[in-house]
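Written below as structure tokens is the structure these notes are about.
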There are 2 protein chains.
Amino acid sequence: MRYPALLTDLYELTMLAGYFQKGMHEDEAVFDLFFRKNPFKGGYAVFAGLEPALRYLEELRFSDEDLAYLASLGSFKADFLDYLRTFRFTGKLTAPPEGTLIFNHEPLVTVEGKLAEAQLVETALLNIINFQTLVATKAARIHGACGEGVVLEFGLRRAHGPDGGLSAARGAYVGGVRSSSNVWAGQVYGIEVKGTHAHSWVMAFDDELSAFRAYAEVFPDSTVLLVDTYDTLKSGLPHALTVARELRATGHELLGIRLDSGDLAYLSRQARHMLDEAGFPKVKILASNELDEFVIDSIRREGGCIDIYGVGTNLVTAAGEGGGHLGGVYKLVRHAGHPKLKVTSDIAKATLPDRKRLLRLVEPDGSFHQDVICCEGETLSPGDWVYDPANPAHRKKIPAGVRFEEVREVCMEGGKIVKELPGLDACADRCAAQRKKMPNGTLRLYNPHIYKVSISQKLHDLRQCLMEESLKA
Amino acid sequence: MRYPALLTDLYELTMLAGYFQKGMHEDEAVFDLFFRKNPFKGGYAVFAGLEPALRYLEELRFSDEDLAYLASLGSFKADFLDYLRTFRFTGKLTAPPEGTLIFNHEPLVTVEGKLAEAQLVETALLNIINFQTLVATKAARIHGACGEGVVLEFGLRRAHGPDGGLSAARGAYVGGVRSSSNVWAGQVYGIEVKGTHAHSWVMAFDDELSAFRAYAEVFPDSTVLLVDTYDTLKSGLPHALTVARELRATGHELLGIRLDSGDLAYLSRQARHMLDEAGFPKVKILASNELDEFVIDSIRREGGCIDIYGVGTNLVTAAGEGGGHLGGVYKLVRHAGHPKLKVTSDIAKATLPDRKRLLRLVEPDGSFHQDVICCEGETLSPGDWVYDPANPAHRKKIPAGVRFEEVREVCMEGGKIVKELPGLDACADRCAAQRKKMPNGTLRLYNPHIYKVSISQKLHDLRQCLMEESLKA
């Protein structure tokens, strides 16, 4: 997907015009993208959307058509429009690899460049990163709830527009949902596509058995039968078993059945029993119907026998308490050689000034101990004090024995991608591996244990100093 | 926006392949698109997304690239792929004009054609109509809560991907939100774009007053100053007043100020007072910060003095109870000459079979009395019995004096658009006019009075007859 240059809020362009006219557009500037609350009231988020964001930055150009439209608005001067004609993003970008577990308050993406270019890209970066990170997080939660089961994403019909479905399929993949019903996502991102059939297939035949037989005849090696059009246990399952026997007689095997209504825990146990008894222990049970991580968790606690969870609406719209959107923001942290702070009476909402490093403290066994945000160029050692950014009265010492891992890396310099970007499988693998390293309780769906993110002494002091300066002014 | 042919769930294509192989693909078929619950637990929805849906149908083609991708999946035969190569949508589509108020259970879009073509388009139609109708409905609720105020949509950064923002701006317009910060939406749909500046503008200057002066210098006739970077009443407002005086001295007027945090009801009253006292009664007050219809309603009840409500996240993600997605479905209602019914033990969930008309009963004063769904070709008269579709024991007679208005019209025949489609302004006007005709209490944000949708005697009888037949089978 090519992102248009006009994928932006008007105010980015009016500010650009202002900086241009005031001669400030080439000032040095650093912006951080971060969010203040983990989505879904959960303990973490999964970073996603970086590659599309980098492609957007690399390809950002104003076409003649774009400039003609901007000129038609009547508020931009000719010299500014000429400036836009040759505008390129030439800045630097630092971010974690996609699939990295990240937390509230952490600087995720840092953009450094000229004030104009770093400001202009705010809206598009937020749009791309906010949504894909949100869906990747939801996917990781759902995937995590499935145990040995797998998830098939099929929410395109309820997604927020065509690209809402496409971007969701990509984000979901990073979070661990590695197949989709969305054929476009298969074509664009190489995601494995899967599907069964609809109730309308059954209704288009004289009876359910004829419908099942017809489907099996056309797709003898990939038939998954939807068994709830009339009555799941009294009609759908017996007909599916008939077709399973007929397939076997011709050297094929029924792949699965799909439950789409009723008590999925109960029906899946009954279906598993009927399939096993009839000699079809390998026929998979796929279930769907308003599933999310909580419903899946509850089905599994009740001994449900589901192999594949089809999740649509709740995944692609990232539904649920604390969901629906990710509130990522993009704040100026350094300008023209000076660290900057958005002052506020509430220290929990104050931004973290200047260029920073994001370090993950790793235990000898590889598990994650906590994250620390420090100043650029600063190094940390065991014994150093670190502070809760929202409540500086809470401080603790870095314990002995931990390793310090850089969470982020420079991905773009001079407007060019300088890292080989991992494929989606590597991103999903990274997410899965990091989830395994999280401390006990931090992945919990309800009331998770809070993974600690602190700031270094030096960063703490810098923030205090800037806040005091600002109050004096 | 051009919609790709592969914007579909895989199962549409596997079903098509099945119908093709069984020689059923040219069977006559009729599908209805409808939803079972009004969004936001509200009393209505606003139909939107028709024009994009029609464009999709008219332009639907499988490219060589698409066919090569489908061939690579290994499950489609060459003759079926050849069939797709020349596939065109040649069917008929009936729908209300965009901006029409619609209700749960009503057939919104009816697609008639060959079984294959009518089935294939299910996913894309649902994707387009579900989301735009959802956002249009949210927009109408928010617009309705504003009284004399107006709404500016600026949710692009929190939208579900780039097109989530673009489609949302279009849907919001139909619902009554006629300006947006989204420059791309301005370019594509001609929506008026508006904007102010960010906190980063203020932070990029030595002090707030310099920042305000600089902005006013660049845009002397369109300056809206964000006054909450430091302290709204003690710093932002006094500095804005200074700039307002300086602008006036040079023959210009400050356009407005923007509040973005704090108690908006209180701050807007104070700001209005300060502006009026200083001789600037025409300076507009714009407010933003997690607004939705309920917050706006509450601000107005407390005497808030806000002229323009900037609404982002909650509008473009259609947030709120009963929001986030619209559960539109697409069901087969007629096949090969026979009316079809999805049988279910719960009559409230049974579909309404066969081709139908959707009639609105209009009082002599123009207000809407209720809607009735009847069979195609059927005419209604005062005194006829009509039934609650979810509870046929509830019936009532059509009163004397009402007019019968057809809610829908044929928009496409033979795969070609046959209606001149109204512009977005006409759609938004239609929505506003229809809202005024709704019975008392049905527009209420909380626990609305339910607008009645009934089915005719003939449709009731047909459904009963098909249900009994199915139970016998």
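Key figures
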| quantity | calculated |
| --- | --- |
| Helix A:161-175 vs. chain A, principal-axis angle (Cα, 0 to 90°, nearest 10) | 90 |
| Of all DSSP beta bridges in segment B:225-347, antiparallel share, percent nearest 5 | 20 |
| Chain A: angle of helix A:264-277 to the longest principal axis, Cα-based, in degrees nearest 10 | 50 |
| Dipole in debye (nearest 20) - chain A, about Cα centre, beta carbon charges: Lys, Arg +1; Asp, Glu -1 | 1140 |
| Estimated D of segment A:50-180 in µm² per second, where Rh is the Kirkwood radius over Cα pairs and Stokes-Einstein applies at 25 °C, 0.890 mPa s | 144 |
| Segment A:195-311: relative contact order as a whole-number percent, Cα under 8 Å and 6+ apart | 22 |
| Computed lengthening from B:Ala68 to B:Lys349, 0.36 nm per intervening residue step minus Cα-Cα distance | 97.1 nm |
| Beta bridges by DSSP in the protein assembly as shown, antiparallel share as percent, to the nearest 5 | 70 |
| Accessible-area value, A:Asp9, 1.4 Å probe, nucleic acids and ligands omitted, Å² | 10 |
| Taking chain A and dividing mean pair separation by its residue count, relative contact order in percent (alpha carbons under 8 Å, at least six apart) | 20 |
| Alpha carbon convex hull of segment A:358-473, volume per residue in cubic angstrom | 169 |
| MRE, 222 nm, helices only [DSSP H, n ≥ 4, -39500 (n - 2.57), over chain A, to nearest 500] | -11500 deg cm²/dmol |
| Accessible-area order (highest first, 1.4 angstrom probe) of the listed residues A:His449, A:His239 | A:His449, A:His239 |
| Placed amide H near B:Gln370: partners under 5 Å, 5+ positions off or other chain | B:Leu361 |
| Per-residue average of Cβ from other chains inside 10 Å of A:310-321 | 2 |
| A:Ile308 - accessible surface, heavy atoms, 1.4 Å probe, Å² rounded to 10 | 30 |
| Whole-number Å³ per residue for the convex hull built on Cα positions in chain B | 169 |
| Exposure of B:Tyr44 as accessible area (Å², to 10), given a probe of 1.4 Å and all protein chains | 10 |
| Computed P(r) (all Cα pairs; segment B:153-216; 10 Å bins; percent) | 22, 38, 23, 16, 0 |
| Kirkwood Rh, angstrom, segment B:270-419 [1 / mean 1/r, Cα pairs] | 20.9 |
| Within segment A:195-311: Cβ-based charge dipole about Cα centre, in debye rounded to nearest 20 (Lys, Arg +1; Asp, Glu -1) | 360 |
| Where only alpha carbons of the protein assembly as shown are counted, the Rg and the Dmax (Å) | 29.1, 93 |
| 10 Å binning of all Cα-Cα separations within segment B:231-294, expressed as whole percents from 0 upward | 21, 55, 20, 4, 0 |
| Whole-angstrom gap from segment A:347-379 to segment B:409-472, using each part's C-alpha centre | 56 |
| Rounded to whole Hz, the Karplus (6.51, -1.76, 1.60) HN-Hα couplings of segment A:432-442, x for glycine and proline | 4, 5, 5, 4, 5, 8, 6, x, 3, x, 6 |
| Rg/Rg_ref, segment B:116-197, where Rg_ref = 2.2 N^0.38 Å and atoms are Cα | 1.18 |
| Formal net charge of residues neighbouring B:His143 (Cβ-Cβ distance under 10 Å; K, R +1; D, E -1) | +3 |
| Entries in A:Lys349/A:Lys452; A:Lys114/A:Lys436; A:Lys282/A:Lys437; B:Lys92/B:Lys194; A:Lys397/A:Lys436 that, when Cα-Cα distance is taken, lie over 29 Å | A:Lys114/A:Lys436; A:Lys282/A:Lys437; B:Lys92/B:Lys194 |
| Accessible solvent surface per residue of segment A:195-311, calculated while the other protein chains remain in place, 1.4 angstrom probe, Å² | 40 |
| Cα Rg, Dmax (largest Cα-Cα span) when computed across segment B:136-316, Å | 16.1, 45 |
| Fraction of beta bridges assigned by DSSP in chain A that are antiparallel (%, nearest 5) | 65 |
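The values are calculated or read from the model by the stated rules, or taken from the named source; none is laboratory data. Quantities reported herein were computed from a predicted structural model and do not represent experimental measurements. Methodologically, a virtual Cβ is constructed for each residue, glycine included, from the backbone with ideal geometry; neighbour enumeration extends over all protein chains shown. SASA here: full protein model, heavy atoms, side chains in, ligands and nucleic acids out. Shrake-Rupley method; radii C 1.70, N 1.55, O 1.52, S 1.80 Å.
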